[in-house]
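A.B. asks: Provided herewith is a single structure, encoded as structure tokens, for subsequent inquiry.
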């Protein structure tokens, strides 16, 4: 993409993330999160890049996390083996999913989501 006459370089290049926010309902309560950030699955879009940038942002700000299915299994296992787990073995703030080509970030609450949105406004 080139710069159009009279347009700044930044305006000619869209660096905002493309994602959709979904407030979770009863179908997802087993995961313990409030929101899902969903990124495009389309192979011609930037969904996978936006997802990876988002995942890296969450890693940098809230520490690493597991995929949501592994996290759920760890929580289940923790009930039987409490003494084997350390505090940082399960991240309560966020998790991700890439199953079936979905690019999703699961977010714990309004405060975390608001901070992310402040740093990375979504573009349509």
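A.B. asks: Give the residues of the range 22-71 that are part of a loop (DSSP other than H, G, I, E, B) and under 13 Å from residue 93 (Cα atoms), sorted by residue number.
C.D. replies: Once the filter is applied, which keeps residues that are part of a loop (DSSP other than H, G, I, E, B) and under 13 Å from residue 93 (Cα atoms), the range 22-71 yields 32, 33, 34, 63, 64, 65, 66.
A.B. asks: While we're on this one: Can you confirm whether the range 83-90 contains a residue that is touching a helix residue (DSSP H, G or I) at 6+ places or on another chain (Cβ under 7 Å), over 21 Å from residue 25 (Cα atoms) and either part of a loop (DSSP other than H, G, I, E, B) or touching a residue at least 60 places away in the same chain (Cβ under 8 Å) (or both)? Break it down stepwise before answering.
C.D. replies: Initial filter on the range 83-90 (touching a helix residue (DSSP H, G or I) at 6+ places or on another chain (Cβ under 7 Å)): 85, 89-90.
Filter once more, keeping what is over 21 Å from residue 25 (Cα atoms): 85, 89-90.
From the residues that got through so far, the ones that are either part of a loop (DSSP other than H, G, I, E, B) or touching a residue at least 60 places away in the same chain (Cβ under 8 Å) (or both) too are 85, 90.
For the range 83-90, residues touching a helix residue (DSSP H, G or I) at 6+ places or on another chain (Cβ under 7 Å), over 21 Å from residue 25 (Cα atoms) and either part of a loop (DSSP other than H, G, I, E, B) or touching a residue at least 60 places away in the same chain (Cβ under 8 Å) (or both): present.
A.B. asks: Quick one: count up the residues across the range 100-116 that are assigned to a helix (DSSP H, G or I) and either touching a residue at least 40 places away in the same chain (Cβ under 8 Å) or touching a helix residue (DSSP H, G or I) at 6+ places or on another chain (Cβ under 7 Å) (or both).
C.D. replies: Taking the range 100-116 first, the residues assigned to a helix (DSSP H, G or I) are 100-101, 110-116.
When the remaining residues are screened for being either touching a residue at least 40 places away in the same chain (Cβ under 8 Å) or touching a helix residue (DSSP H, G or I) at 6+ places or on another chain (Cβ under 7 Å) (or both), the result is 101, 110, 112-113, 115-116.
Residues flagged as assigned to a helix (DSSP H, G or I) and either touching a residue at least 40 places away in the same chain (Cβ under 8 Å) or touching a helix residue (DSSP H, G or I) at 6+ places or on another chain (Cβ under 7 Å) (or both) within the range 100-116 amount to 6.
A.B. asks: How many residues, within the range 1-45, are surrounded by 11 or more Cβ atoms within 10 Å (Cβ to Cβ), over 21 Å from residue 113 (Cβ atoms) and at pLDDT 65 or above?
C.D. replies: The total comes to 2.
A.B. asks: Further, regarding this structure: Let me spell it out: the conditions are (1) free of Cβ contacts under 8 Å to residues at least 12 places away in the same chain; (2) under 17 Å from the mean Cα position of the chain (by Cα); (3) on the phi < 0 side of the Ramachandran plot, and residue 94 meets all of them except one. Which number is the exception?
C.D. replies: The failed condition is (1).
A.B. asks: Going by the structure shown, is residue 67 within 11 Å of the chain's Cα centre (by Cα), modelled with pLDDT of 90 or more and more than 19 Å from residue 118 (Cα to Cα)?
C.D. replies: For residue 67, the condition - within 11 Å of the chain's Cα centre (by Cα), modelled with pLDDT of 90 or more and more than 19 Å from residue 118 (Cα to Cα) - is met.
A.B. asks: Assuming residue 119 fulfils every condition listed in (1) touching a helix residue (DSSP H, G or I) at 6+ places or on another chain (Cβ under 9 Å); (2) under 16 Å from residue 24 (Cβ atoms); (3) in contact (Cβ under 8 Å) with a residue 40 or more places away in the chain; (4) loosely packed, with under 13 Cβ neighbours inside 10 Å apart from one, which condition is it?
C.D. replies: Every listed condition holds for residue 119 apart from (2).
The values are calculated or read from the model by the stated rules, or taken from the named source; none is laboratory data. A quick note: this is a predicted structure, and the numbers were derived from the prediction, not measured. Here the Cβ is made from the backbone with ideal geometry for all residues, glycine too, and neighbour counts use every protein chain on show.
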